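Notes for the one structure printed next.
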Amino acid sequence: MVTLRDVARAAGVSLATASRAMSDAPHVSAANRAQVARAAESLGYRPHPAARALTTGSTGTVGLVVPDLANPFFAAVAKGVQARARETGREVLVADTDEDVTVEPDVITRLGDRVDGLVLCSPRLPADRLGPLLAAADGPVALVNREAPDAPSVSFDIADGVRQALDHLRALGHDVVAYAGGPRSSWSDAERRTALARLSTGTTGDAVLDLGSFRPTHGGGVQAADLALAAGATAVLCFNDLVALGVLARLHARGVATPADVSVVGFDDVAAASLVTPALTTVAVPLARAGRVAVDLLAGGSPEPEHRRLSVELVVRASTAPASPAVTDSRPLSTDPEVAIR
């Protein structure tokens, strides 16, 4: 293992000079600083994080908190965070809250004490609890897939994604679409519901049926599929791709053809979306890019928190098709106004 003493010896300077040069301390000549930098690069020297923290006050690390690393949405964001952090000479520490809002504050506080900046991806805390936590943070915090007044954020144009999906289904003749929602604590689920309510005319023919809130997992989609069939819907718009994959699996198990009988649309365009049969129509979201942007937002530089919304795009695949008149006419459509998203 290469040590700072090795770097000092190779550069022909004292250990103290090498230490000051590596920590950007003053009173080091440009020539010595350059010699130390060349020696460190040629030897492959990397400062130990603990040692760097003691000398500079910086740990050289970025913290990332996600609800569920097993969810490919968060894994893709994490790859973007890691890639950008690596480019800027930093490491990433990751914490998973397992979709448990009760442990989120403790996880955020503990990790925040160990890093230079914190990226919170889709935090589930309500606004009245998240705000004070952000205000109390020692270092910079950036949000992904969530917005708050006092922290920079990068999110997605969810409303436009919902519009694209709904326009696509209605163009295919699906007069009634069922929505399989995500967790009640999810900010992005609330954004989807707001968009659906605005896009729905409120008439029976154009209503969007609310199937309820589900865990953002394959199992959540299995539950949602049964409710969609009971409601007589011929199309299901899902909170995310994992829910959509669960819907596809359950429909197949019940002998319901997709898309001949029921069309299914996901959200996120994770890798598995194009690998299943039928391939999933979904709203593509730039997940890795969001992670990279979040790391850059930690640097700040603006007097007010910057909020960036990234564009999304519907990707049409084999899980959607024109509504079958025979199927539509034979289905018992729920007309209960309480189940429509208004």
Hey, could you check region 136-146 for residues that are more than 12 Å from the chain's Cα centre (by Cα) and at pLDDT 90 or above and say which is farthest from residue 308 (Cα to Cα)? 140
Selection from region 290-312 of residues that are among the small types (Gly, Ala, Ser) and surrounded by 14 or more Cβ atoms within 10 Å (Cβ to Cβ): 290, 291, 294
Restricting to region 138-163, and then to whatever is crowded, with 18+ Cβ neighbours inside 10 Å and small (Gly, Ala, Ser), can you tell me which residue is farthest from residue 314 (Cα to Cα)? 151
Of the candidates 294, 235, 279, 225, the one satisfying the condition of being assigned by TED's automatic domain parsing to the domain that holds residue 92 and touching a residue at least 24 places away in the same chain (Cβ under 8 Å) is 294
How many residues does region 182-195 hold that are over 16 Å from the mean Cα position of the chain (by Cα) and at pLDDT 95 or above? 3
Which members of region 273-289 meet the condition of being among the aliphatic types (A, V, I, L, M), surrounded by fewer than 24 Cβ atoms within 10 Å (Cβ to Cβ) and in a loop (DSSP other than H, G, I, E, B)? 275, 276, 279
Being part of a loop (DSSP other than H, G, I, E, B) and of a type in the set (Asp, Glu) is the filter here; which residues of region 2-24 pass it? 24
Within region 100-138, count every residue that is of a type in the set (A, V, I, L, M, F, W, C), in contact (Cβ under 8 Å) with a residue 12 or more places away in the chain, under 19 Å from residue 74 (Cβ atoms) and out of contact with any Asp or Glu (no Cβ under 6 Å at 6 or more places or on another chain). 10
Filtering region 234-250 down to residues that are closer than 15 Å to residue 214 by Cβ and among the aliphatic types (A, V, I, L, M) yields 236, 237, 242, 243, 244, 245, 247, 248, 249
Scan region 131-148 residue by residue and report those that are within 19 Å of residue 300 (Cβ to Cβ) and in a helix (DSSP H, G or I). 131, 133, 134, 135
Could you check, for region 114-129, whether at least one of its residues is of a type in the set (S, T, N, Q) and either in a helix (DSSP H, G or I) or out of contact with any Ser or Thr (no Cβ under 9 Å at 6 or more places or on another chain) (or both)? no
Being closer than 16 Å to residue 246 by Cβ and touching an Asp or Glu at 6+ places or on another chain (Cβ under 6 Å) is the filter here; which residues of region 263-298 pass it? 266, 268, 270, 273, 282
Residues of region 252-276 being more than 16 Å from residue 169 (Cβ to Cβ) and either without any contact (Cβ under 8 Å) to a residue 40 or more places away in the chain or hydrophobic (A, V, I, L, M, F, W, C) (or both), which ones? 252, 253, 254, 255, 256, 257, 270, 271, 272, 273, 275, 276
Report yes if residue 270 is surrounded by 24 or more Cβ atoms within 10 Å (Cβ to Cβ), among the hydrophobic types (A, V, I, L, M, F, W, C), in contact with a helix residue (DSSP H, G or I) (Cβ under 9 Å, 6 or more places away or on another chain) and over 18 Å from residue 312 (Cβ atoms), otherwise no. no
Kindly indicate which of 120, 93, 64, 133 is modelled with pLDDT under 95 and either under 17 Å from residue 146 (Cβ atoms) or not assigned by TED's automatic domain parsing to the domain that holds residue 187 (or both). 133
Taking only region 299-342 into account, find how many residues are in contact with an Asp or Glu (Cβ under 8 Å, 6 or more places away or on another chain), assigned to a loop (DSSP other than H, G, I, E, B) and either at pLDDT 95 or above or not β-branched (Val, Ile, Thr) (or both). 5
For region 58-70, check the following and say yes or no: at least one residue is among the charged types (D, E, K, R) and more than 14 Å from the chain's Cα centre (by Cα). no
Out of region 70-95, which residues are farther than 22 Å from residue 296 by Cα and free of Cβ contacts under 8 Å to residues at least 40 places away in the same chain? 70
Candidate set: region 196-211, residues that are charged (D, E, K, R) and modelled with pLDDT under 95; chosen: the one nearest to residue 156 (Cα to Cα): 198
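The values are calculated or read from the model by the stated rules, or taken from the named source; none is laboratory data. Source: prediction; values computed, not measured. Cβ sites come from the backbone with ideal geometry, for glycine too, and all protein chains shown count toward neighbours.
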